[in-house]
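S.K.: Below you'll find the structure I mean.
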Amino acid sequence: MLIYVLKQMPHDDRTMHEMLDQCAEYYQNNQTELAKIEQFRTTYTSDRAINWYTDECFLYKLLNQALRTEDIQLLYSFRFFIIDLCAELERESEKIKNEGHLTVYRGQMMHKEEFHKLQHSIGGLISTNGFFSTSRDINIAFGFLTKSNSTNERVLFEIQADPSILGVICADISSLGSMPWEREVLFSLNTVFQIVSVNTDSTHDAWKVQLVASDQGAQKVNEYVKWLQIEIDYSSPLVYFGRLLWSEFGQLTQAENYFKMLLDTLPVDHPDMASVNLEFSHVYDEKGDYDLALQYSERALHIRQQQKPIVPHRLAACLNSMGVIYRHKGDLDRALDYYQQSLTIYENEVSSGKHLHHANTLRNLGGVHKDKGNFDIALDYFTRAYEMYQELLPADHPRLADALSNIGSIYHHREDFDQALDFYQQALDIQEKNCLDDHLQKANTIRNIALIYRDKKDWSNAMNYCDRALTMYRRLLSDIPHPNIAVCYGDI
């Protein structure tokens with residue numbers, strides 16, 4: 001998602017110089033790389049992105065470091081070059097779409113632990129977290145293998161790829177790169193491969209891993225991208241990038257620093273200024289600094305009230321955010337008032353039809369009525385929110401799982417355990433499909449199922465699900481005291 005959002009951002013000389021300035025700071029004591037940076041600054045054109053990437057200079061080193069370590073701020077700095085490199089790969093991939101199946105190779109020294117995971121995942125899928133370099137020449141691939149040792153294994157990947165299928169973007173860059181003799185075929189970011197087999201190659205004293213480039217999941221990715229584009233259109237790529245930092249990756253400090261940077265650099269009349277303030281309020285709300293969160297929400301609301309023409313759904317989003325903060329402060333009546341104001345705007349003044357934030361307001365109204373013990377009203381709002389999410393989101397989107405869990409919680413309070421179990425199980429099914437092995441929401445759903453079985457006096461299933469939840473809480477919250485860990489101990 002981050003890469004998709006980065007690709008939607010502005011692409012101009014300013015973003016290029018921002019990237020190069022950061023690279024120059026990183027290599028301030030390396031005259032060779034500094035000379036390369038200045039050469040890039042004066043000669044670069046977008047049709048030479050592949051050539052620069054294969055030069056293995058500062059660009060190759062820092063970009064791959066950012067991708068490998070998922071360094072969000074460094075990736076943001078490299079957005080200029082990522083956009084160009086992905087675009088050129090897509091253009092070049094068209095040239096080999098009719099070539100038929102490719103067989104390419106990659107030699108790699110792999111950490112034993114990483115290799116063992118691969119070994120036990122035959123038939124499964126893996127996704128690259130960077131640009132994936134291969135060669136048509138097996139001997140070139142072997143040339144990248146050094147001697148195995150106590151921590152690393154020699155691994156030769158043999159990869160079958162059909163460039164014509166959806167989701168497989170690769171290009172023969174022999175004529176574009178700086179080393180044509182390597183006969184390199186480069187796969188774009190996040191390419192998916194199926195693991196066919198893992199066997200020893202005694203002739204070359206290496207492991208041979210057979211992969212097939214796959215389009216499995218490509219349709220789901222495309223559905224997510226459509227939804228993501230709606231979210232980006234609602235705010236902007238600039239703002240949504242920071243939102244992903246805190247909402248999807250839990251990186252509150254990085255998000256805070258990112259939005260501070262935007263406040264410092266954007267003009268005061270920039271169209272995103274209200275959205276930046278609103279995102280600040282979300283970050284501080286997540287950090288538990290509710291008073292500061294309210295200040296930023298009120299500032300965002302004030303800016304949007306001054307903008308002409310007034311955009312109703314943007315006002316509604318501010319009011320909804322203020323409701324969230326007051327609910328977290330325990331002031332349920334004020335939270336209810338702000339949610340109701342937000343809903344009134346969506347229902348009476350927003351003419352563009354149903355919107356994701358409209359569904360969020362319905363969900364939040366359900367939550368505050370649940371807190372107040374108004375379970376029938378809460379169920380109505382939760383159900384309306386779920387139905388709207390179903391219309392707006394892909395079938396297995398995580399937000400649908402949250403909505404199902406909300407409905408399940410009402411039936412649980414009503415002691416309709418079978419209905420509650422059904423909704424919790426539907427939520428868990430979605431979370432399992434999304435491979436959320438290490439996600440707090442999934443742990444919460446499993447714990448909720450455990451509590452249902454406890455209340456049904458099905459002790460065996462209760463213990464089984466409680467053990468699963470406890471294992472996940474320990475893994476996810478090992479360094480953080482969390483009430484769910486204590487509750488799970490009590491449940492067992």
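S.K.: Could you pull out every one of the aspartates and glutamates with an alpha carbon less than 12 Å from that of K433, ignoring same-chain neighbours closer than 8 positions?
M.R.: Reachable aspartates and glutamates: D396.
S.K.: Would you compute, for the Cα atoms of the stretch 260-378, the largest minus smallest coordinate along each principal axis and list the three values in descending order, in whole Å?
M.R.: Sorted largest first, the three principal extents are 47, 35, 19 Å.
S.K.: Whose amide H sits under 5 Å from the amide H of V196, counting only residues 5 or more places off or on another chain, with H placed in the peptide plane?
M.R.: Sorted by chain and number, the residues that satisfy this are G123, Q210, L211, V212.
S.K.: Cα axis of helix 31-43 to longest principal axis of the chain: angle in degrees, 0 to 90, nearest 10?
M.R.: It works out to around 80 degrees.
S.K.: Okay, moving on. Cα to Cα, under 13 Å, and not fewer than 8 places away if on the same chain: which aspartates and glutamates meet these conditions relative to K372?
M.R.: D331, D333
S.K.: Continuing with this model, one more query. With a cut-off of at most 11 other beta carbons within 10 Å, and DSSP calling the residue loop, which trypsin sites (Lys or Arg not before Pro) in the stretch 387-466 qualify? Please list them.
M.R.: Working: sites: R399, R414, K433, K442, R447, R454, K456, K457; in loops: R414, K456, K457.
Sparse-neighbourhood loop trypsin sites (Lys or Arg not before Pro): K457.
S.K.: Could you tell me which of S236, F131, T151 has its Cα farthest along the dipole of the chain towards the positive end, charges placed at Cβ (Lys, Arg +1; Asp, Glu -1), taken about the Cα centre?
M.R.: Of the options given, the answer is T151.
S.K.: How many Å³ per residue does the convex hull of the Cα positions in the stretch 223-491 occupy? Numbers along the way, then the final one.
M.R.: Details: hull volume 34.7 nm³, N = 269.
So the per-residue Cα hull volume is 129 Å³.
S.K.: Want the number for D12 to Q390: 0.36 nm per residue separation, take away the alpha-carbon distance, what's left?
M.R.: On the way: separation 378, 0.36 × 378 = 136.08 nm, distance 3.82 nm.
Answer, rounded to one decimal: 132.3 nm.
S.K.: Which residues in the stretch 86-116 place their backbone N less than 16 Å from a point set 7 Å from the Cα of D201 along the Cα-to-Cβ direction?
M.R.: Residues passing the 16 Å test: 103-110.
S.K.: Per the Debye formula with a single identical scatterer at each Cα and no solvent contribution, what log10 I(q)/I(0) holds for the chain at q = 0.06 Å⁻¹?
M.R.: -0.35
S.K.: When the dipole is taken about the Cα centre of the stretch 97-214, and only Lys, Arg (+1) and Asp, Glu (-1) are charged at their Cβ, what size is it in debye, to the nearest 20?
M.R.: Values: 9 positive and 12 negative charges, 28 e Å.
In debye, rounded to 20, the stretch 97-214 gives about 140.
S.K.: Sticking with the crude label model, points 7 Å out along Cα→Cβ, report the distance from D458 to F144 in nm, one decimal please.
M.R.: 5.0
S.K.: Could you give the size of the charge dipole of the chain about its Cα centre, using +1 on the Cβ of each K and R and -1 on the Cβ of each D and E, expressed in debye and rounded to the nearest 20?
M.R.: Working: 47 positive and 69 negative charges, 89 e Å.
Approximately 420 debye in magnitude.
S.K.: Helix 252-265 sits at what angle to the longest principal axis of the chain, using alpha carbons and giving 0 to 90 degrees rounded to 10?
M.R.: In the chain, helix 252-265 runs at an angle near 80 degrees to the longest axis.
S.K.: Right, here's the next one. Which aspartates and glutamates have a Cα less than 19 Å from the Cα of K456, not counting those fewer than 8 places away in the same chain?
M.R.: Partners within reach: E415, D416, D418, D422, D467, D491.
S.K.: Follow-up question, since we're still on this one. Among Q108, A49, Y386, whose Cα projects farthest towards the positive end of the dipole of the chain, with charges put on the beta-carbon of Lys, Arg (+1) and Asp, Glu (-1)?
M.R.: The listed residue farthest towards the positive side: Y386.
S.K.: How far is helix 356-371 tilted off the main Cα axis of the chain, in degrees rounded to 10, range 0 to 90?
M.R.: It works out to around 50 degrees.
S.K.: OK, next. Charges at C-beta only: +1 for Lys and Arg, -1 for Asp and Glu. How large is the resulting dipole of the stretch 223-491 about its Cα centre, in Debye rounded to 20? Mind dumping the intermediate values first?
M.R.: Values: 27 positive and 39 negative charges, 37 e Å.
Roughly 180 debye for the stretch 223-491.
S.K.: Using alpha carbon centroids, what distance separates the stretch 319-335 and the stretch 170-185, in Å?
M.R.: If we compute the Cα centre of each part, the gap is 57 Å.
S.K.: Distance cut-off 21 Å, Cα to Cα: go down the list K287/K329; K260/K287; K112/K147; K97/K117; K117/K208; K7/K287 and report the pairs above it.
M.R.: Result: K97/K117; K7/K287 exceed 21 Å.
S.K.: Let me have the 222 nm mean residue ellipticity of the chain computed from DSSP H runs of 4+ only, each contributing -39500 (n - 2.57), with the sum over all residues rounded to the nearest 500.
M.R.: -19500 deg cm²/dmol, from helical runs alone.
Values quoted throughout were computed directly from the atomic coordinates according to the rules given, and no laboratory measurement underlies them. Fair warning: this is a prediction, and the values are worked out from it, not measured in the lab. All Cβ positions, glycine included, derive from the backbone under ideal geometry; neighbour counts span all protein chains shown.
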